[in-house]
Amino acid sequence: MSGYSRDDFDVPVEDYDFSSISDVRTLIDQMGRAGGFTASKLSRARDILRKAISQSDVDGNLNWLSFPACLCATGTRGFFVEALKRKSYNVVITTCGTLDHDIARTYRDYFHGDFSLDDIALGREGLNRLGNVVIPNECYGEILERVLLPWLSEIEDERKSKDGDNPWRGFGSVELCWAIGDRIEDENSLLHWVAKNRIPMVIPGITDGSIGSQLFMHRQRSPDFMIDVLADEQILSDLIWTANESHGLMVGGGISKHHVIWWNQFREDSGMDSAVSITTAPEYDGSLSGARLKEAISWGKIRPEADQVVVEGEASLILPLLGSDLFGNE
């Protein structure tokens, strides 16, 4: 039975000293000392992530990054691009829409809007609303179809010339992301860096988005075409069974977050060594998105002694703060 003594609580709360805050790093340092309900969690998350990133180049260490597609429709994509450019993370789990937005924004702009816009009026003008981002039809579905279908034909020709007997053996979302990223020269593209650094990026729900529709359309022309989703799982299995350490940053929830913690239960002695979760979802409905990391301990997905924290808040606000500290100039 656990208990507490007065000696367990000996770190005093300090007020912010704004005259001494010169950058985001100093601010987050003071957040840790000032406390206050979410600020101290942000400071702790920064410390956990900094430690994991500092060891990301150690052979056998896994640094997982998971996030939903919506953030890549905003400038927050820059956090993920910088993280992958620096090889701070070496395994990525995300959703199909990440490919949609990354490719679309390589060729077209998205625009600022507002949550209160009239969606009926927008629809009449061929404008799509994603939260407070406005995406014209020509900047999404139209450009994706124009760009991706020719690429898929090229990729198919390359696969057949390499292995004519079974060109789709092992061709999962990891290989697809690399093949697409090899064709993107824009250094603001997430796929560009995934391909350049050959970082496995797994899309468990690869058909759930515009790119999935393009894959289906290509298959109408080429009936033998397929995505081997179990090839992705083999890659994750090989990584997890040989991992010395496993750390993760999970932004949001759903299939991306679950895929990270699911595979970590198969490690020897079970679970992640450290984890940071950023979420706006409540815990009371029993959803995976809202489940706090401590719940994963009972499943063997996170180790009991793991350094872990859940930061409740919206990621397009939190990630720029963390990125300014973790990736900013010294």
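Here are the numbers for the structure shown:
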{"item": "Residues within segment 278-303 that are free of Cβ contacts under 8 Å to residues at least 24 places away in the same chain and either outside any loop (DSSP other than H, G, I, E, B) or surrounded by 17 or more Cβ atoms within 10 Å (Cβ to Cβ) (or both), tallied", "result": "3"}
{"item": "First in segment 188-205 and without any contact (Cβ under 8 Å) to a residue 24 or more places away in the chain and in a loop (DSSP other than H, G, I, E, B), second anywhere and surrounded by fewer than 24 Cβ atoms within 10 Å (Cβ to Cβ) and not basic (Lys, Arg), Cβ under 8 Å, 6 or more apart", "result": "Arg198/Trp178"}
{"item": "In segment 39-74, residue surrounded by the most Cβ atoms within 10 Å (Cβ to Cβ) [restricted to those that are part of a loop (DSSP other than H, G, I, E, B) and touching a residue at least 60 places away in the same chain (Cβ under 8 Å)]", "result": "Phe67"}
{"item": "Number of the condition not met by Asp157 [criteria: (1) surrounded by fewer than 21 Cβ atoms within 10 Å (Cβ to Cβ); (2) not in a helix (DSSP H, G or I)]", "result": "(2)"}
{"item": "Residue in segment 218-235 that is in contact with a Leu (Cβ under 6 Å, 6 or more places away or on another chain) and either at pLDDT 95 or above or on the phi > 0 side of the Ramachandran plot (or both) present", "result": "yes"}
{"item": "Top-ranked residue of segment 1-32 - restricted to ones that are of a type in the set (A, V, I, L, M) and part of a loop (DSSP other than H, G, I, E, B), ranked as nearest to Leu319 (Cα to Cα)", "result": "Ile21"}
{"item": "Check on Phe37, modelled with pLDDT under 95, among the aromatic types (Phe, Trp, Tyr) and within 20 Å of Val251 (Cα to Cα)", "result": "yes"}
{"item": "Subset tally (residues that are of a type in the set (A, V, I, L, M, F, W, C), surrounded by 13 or more Cβ atoms within 10 Å (Cβ to Cβ) and either touching a Phe, Trp or Tyr at 6+ places or on another chain (Cβ under 6 Å) or assigned to a strand (DSSP E or B) (or both)) for segment 109-138", "result": "5"}
{"item": "Which listed residue is among the small types (Gly, Ala, Ser), at positive phi and either surrounded by 19 or more Cβ atoms within 10 Å (Cβ to Cβ) or within 24 Å of the chain's Cα centre (by Cα) (or both), from Gly141, Gly170", "result": "Gly170"}
{"item": "Pair list, Cβ < 6 Å and 6+ apart or interchain, from segment 91-111 residues that are closer than 20 Å to Leu152 by Cα and aliphatic (A, V, I, L, M) to residues that are modelled with pLDDT of 95 or more and in a loop (DSSP other than H, G, I, E, B)", "result": "Ala104/Tyr140"}
{"item": "Failed item, numbered, when Ser246 is tested on (1) modelled with pLDDT of 95 or more; (2) assigned to a loop (DSSP other than H, G, I, E, B)", "result": "(2)"}
{"item": "Hits in segment 90-104 - residues which are surrounded by fewer than 23 Cβ atoms within 10 Å (Cβ to Cβ) and assigned to a loop (DSSP other than H, G, I, E, B)", "result": "Asn90"}
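The values are calculated or read from the model by the stated rules, or taken from the named source; none is laboratory data. Because the structure is a prediction, the values reported are computed rather than measured. Virtual Cβ from ideal backbone geometry, glycine too; neighbours counted across all protein chains shown.
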